[in-house]
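Q: Dropping a structure here in structure tokens format, bear with me for questions.
Please treat every number below as a calculation from the coordinates, not as lab data. Please read all numbers here as calculations on a predicted model, not as lab measurements. All Cβ positions, even for glycine, are placed from backbone atoms using ideal geometry, and neighbour counts span all protein chains on display.
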Amino acid sequence: GVFINQFAQFLDFFTTDIINNTVTDLQNNSTTTNFSDARIIQNILQGSVISVFDQTNFNIAGVTINGPGVYILDSDVTFNVAGSYAITINSDDVVLDLGGHTINSNNVSLGGVIVNNFNNVTIQHGSIINTVSNAIQINNAANTVINNINVDGIATINTNAIAINNST
């Protein structure tokens, strides 16, 4: 009885949050993050989301992804570190969902995303702009999917928007 009532109250609370397109950080109970995309909410409900990134993650250095899972960009970000990529993926089985947001390198950093020697990586749903070199660099990676990515403003002549080397 009591457990079922508490569970029903939790579901009612959680369902209300999902209808309003918000998910509460239940672990820290300190923040509420707004998501406008049902696909991201579905990943959260499945428990596959490992981390959500925003501008604070990019103020000093880029983000390095070292484990499998779904990673989400929660806001537009600016990344101004010369000679570096905003996001480095160092793991198999990663979904990087830009959530419809933009990584802006302000013609300072090399690019948006780099993957070296890792498989089953998906990069999707967003924009990477104003890079010095390739917006996305994929090297020696199998089963890589790049979906619905817009690229604009590459500063270096004869550079690819998306470079895929020895990869499938």
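Q: For the stretch 66-168, take the alpha-carbon Rg, divide it by the Kirkwood Rh, and send me Rg/Rh.
A: Looking at the stretch 66-168, the ratio lands at 0.93.
Q: What full-extension length gain, to one decimal in nm, is calculated for N140 and S167 as 0.36 nm per residue of separation minus the Cα-Cα distance?
A: So the extension gain works out to 9.2 nm.
Q: Mind checking the full-extension length gain between A155 and V81? Use 0.36 nm per residue of separation minus the Cα-Cα distance, one decimal, nm.
A: The A155-V81 span can extend by a further 25.1 nm.
Q: Assuming R0 = 25 Å, can you tell me the calculated FRET efficiency for the pair Q55 and N116, based on Cβ-Cβ distance, to the nearest 0.05?
A: According to the calculation, E is roughly 0.50.
Q: Also, I was wondering about something else. Which whole-angstrom value gives the distance between the alpha carbon centres of the stretch 70-101 and the stretch 111-168?
A: Answer, in whole Å: 11.
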